1. Please give the number of the condition ASN44 fails out of (1) over 20 Å from ASN87 (Cα atoms); (2) in a strand (DSSP E or B).
2. Within the range 59-79, is even one residue in contact (Cβ under 8 Å) with a residue 60 or more places away in the chain and assigned to a strand (DSSP E or B)?
3. Just checking, does the range 1-14 include any residue being out of contact with any Phe, Trp or Tyr (no Cβ under 7 Å at 6 or more places or on another chain), touching a residue at least 60 places away in the same chain (Cβ under 8 Å) and either among the acidic types (Asp, Glu) or not in a strand (DSSP E or B) (or both)?
4. Output the residues belonging to the range 47-58 that are touching a residue at least 40 places away in the same chain (Cβ under 8 Å) and part of a loop (DSSP other than H, G, I, E, B).
5. Of all residues in the range 38-92, how many are of a type in the set (Asp, Glu) and under 11 Å from the mean Cα position of the chain (by Cα)?
6. Can you spot a residue in the range 32-39 that is part of a strand (DSSP E or B), touching a residue at least 24 places away in the same chain (Cβ under 8 Å) and of a type outside the set (A, V, I, L, M)?
7. Is there a residue being at pLDDT 95 or above, hydrophobic (A, V, I, L, M, F, W, C), surrounded by 14 or more Cβ atoms within 10 Å (Cβ to Cβ) and within 17 Å of VAL92 (Cβ to Cβ) anywhere in the range 33-48?
8. Looking at the range 55-92, which of the residues that are over 20 Å from ARG18 (Cβ atoms) and β-branched (Val, Ile, Thr) is surrounded by the fewest Cβ atoms within 10 Å (Cβ to Cβ)?
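The values are calculated or read from the model by the stated rules, or taken from the named source; none is laboratory data. Owing to the predicted nature of the structure, the values given are computational and were not obtained by experimental measurement. Cβ coordinates were reconstructed from backbone atoms using ideal geometry, including for glycine residues, and neighbour counts include every protein chain displayed.
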Amino acid sequence: MIKITNKGKKSWVTFTVRVENIDDLELSGEWNSWKNEKMKRKKNGEFYITKVFNKGNKYQFGYKANDGRWLCDESTPKVMSPFNSQNSLLEV
């Protein structure tokens, strides 16, 4: 799930996802050359992270589970990646 809060020229984006049977989840995206960023875990098992972006941009992203799976966000459109898989598309 993606929550976007706009403030002036910036957007605060909170990425929240629930994945069963994993210990760690990382967020990766075009905004930082696909560098993995570790997500925090809530007591209810959901993983989350908040990022700040300039409004009016589009970014591909995905979640990388510690078991090696690449996951898309269920609440965003999907686009094909060069690796014959899908990425999520964030529009802020």
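1. (2)
2. No, the range 59-79 contains no residue that is in contact (Cβ under 8 Å) with a residue 60 or more places away in the chain and assigned to a strand (DSSP E or B).
3. So far as the range 1-14 goes, yes, one or more of its residues are out of contact with any Phe, Trp or Tyr (no Cβ under 7 Å at 6 or more places or on another chain), touching a residue at least 60 places away in the same chain (Cβ under 8 Å) and either among the acidic types (Asp, Glu) or not in a strand (DSSP E or B) (or both).
4. LYS55 - this is the single residue of the range 47-58 that is touching a residue at least 40 places away in the same chain (Cβ under 8 Å) and part of a loop (DSSP other than H, G, I, E, B).
5. Going through the range 38-92 one residue at a time, the tally reaches 2.
6. Within the range 32-39 (the criterion being part of a strand (DSSP E or B), touching a residue at least 24 places away in the same chain (Cβ under 8 Å) and of a type outside the set (A, V, I, L, M)), the answer is no, since none of the residues qualifies.
7. Among the residues of the range 33-48, not one is at pLDDT 95 or above, hydrophobic (A, V, I, L, M, F, W, C), surrounded by 14 or more Cβ atoms within 10 Å (Cβ to Cβ) and within 17 Å of VAL92 (Cβ to Cβ), which makes the answer no.
8. Among those that are over 20 Å from ARG18 (Cβ atoms) and β-branched (Val, Ile, Thr), it is VAL79.
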